[in-house]
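Engineer: A single structure is presented below for examination.
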Amino acid sequence: MLAPNEEEPRNYSGHITFDASEPVQVVTLLGPMDKSELKGLPYWTTDDKTFYALVMVPSKSAGSTMFSGNALALHTMYQEPFTVSYSIVLTK
């Protein structure tokens, strides 16, 4: 939804409202960070060089929450595709 930009890191802050076909987690990525800073934390990487800490809101099918980070996504633990309607209001 809001992708990280590794060349020019940007911090997004705002509010997301969503309604999904199944429970989803709102996931915010924070970084990039050094891998040594992530000990014990969930993280995401695509190249094993650039790391982002994950902040996850517990799963639900609909709701709204504030967020702040370098990227924003909706995630499910199920393998089947899901649908979602959402709106994002950025505050900066």
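The values are calculated or read from the model by the stated rules, or taken from the named source; none is laboratory data. None of the values given here were measured: they were computed from a predicted structure. Please note: Cβ atoms are built from the backbone with ideal geometry, for glycine as well, and neighbour counts cover all protein chains shown.
Engineer: Please go through the range 1-23 and pick out each residue that is under 12 Å from the mean Cα position of the chain (by Cα) and either acidic (Asp, Glu) or at pLDDT 95 or above (or both).
Structural biologist: If the condition is that a residue be under 12 Å from the mean Cα position of the chain (by Cα) and either acidic (Asp, Glu) or at pLDDT 95 or above (or both), then Ile16 is the only one that fits.
Engineer: Which residues, counting only those in the range 67-91, are out of contact with any Phe, Trp or Tyr (no Cβ under 8 Å at 6 or more places or on another chain) and farther than 11 Å from Thr17 by Cβ?
Structural biologist: Ala73, His75, Met77, Tyr78, Gln79, Glu80, Pro81, Phe82, Thr83, Thr91
Engineer: Taking only the range 1-33 into account, find how many residues are over 14 Å from Leu74 (Cβ atoms) and not in a loop (DSSP other than H, G, I, E, B).
Structural biologist: Matching residues across the range 1-33 total 8.
Engineer: Another question about this same structure. Looking at the range 1-19, I want the residues that are exposed (fewer than 15 other Cβ atoms within 10 Å of the Cβ) and have a partner that is acidic (Asp, Glu) and part of a strand (DSSP E or B) with Cβ atoms under 6 Å, at least 6 apart or on another chain. Which pairs are those?
Structural biologist: No pair meets every condition.
Engineer: Could you list, in sequence order, the residues of the range 54-79 that are over 12 Å from Val24 (Cβ atoms) and part of a loop (DSSP other than H, G, I, E, B)?
Structural biologist: Asn70, Gln79
Engineer: Also, I was wondering about something else. Scan the range 27-42 and tell me whether some residue there is closer than 22 Å to Pro9 by Cα, loosely packed, with under 14 Cβ neighbours inside 10 Å and within 13 Å of the chain's Cα centre (by Cα).
Structural biologist: Within the range 27-42, one or more residues are closer than 22 Å to Pro9 by Cα, loosely packed, with under 14 Cβ neighbours inside 10 Å and within 13 Å of the chain's Cα centre (by Cα).
Engineer: Only residues that are part of a strand (DSSP E or B), among the hydroxyl-bearing types (Ser, Thr, Tyr) and touching a Lys or Arg at 6+ places or on another chain (Cβ under 9 Å): list them for the range 34-53, please.
Structural biologist: Tyr43
Engineer: What are the residue pairs meeting all of these: first residue in the range 53-81, first residue more than 15 Å from Leu2 (Cα to Cα) and surrounded by fewer than 14 Cβ atoms within 10 Å (Cβ to Cβ), second residue of a type in the set (Gly, Ala, Ser) and at pLDDT 95 or above, Cβ atoms under 8 Å, and 6 or more apart or on different chains?
Structural biologist: As it stands, the answer is Ser61/Ala20; Ser61/Ser21; Ala62/Ala20, since those pairs meet every condition given.
Engineer: Which numbered condition trips up Thr45, out of (1) out of contact with any helix residue (DSSP H, G or I) (no Cβ under 9 Å at 6 or more places or on another chain); (2) surrounded by fewer than 15 Cβ atoms within 10 Å (Cβ to Cβ)?
Structural biologist: (1) is the only condition that Thr45 fails.
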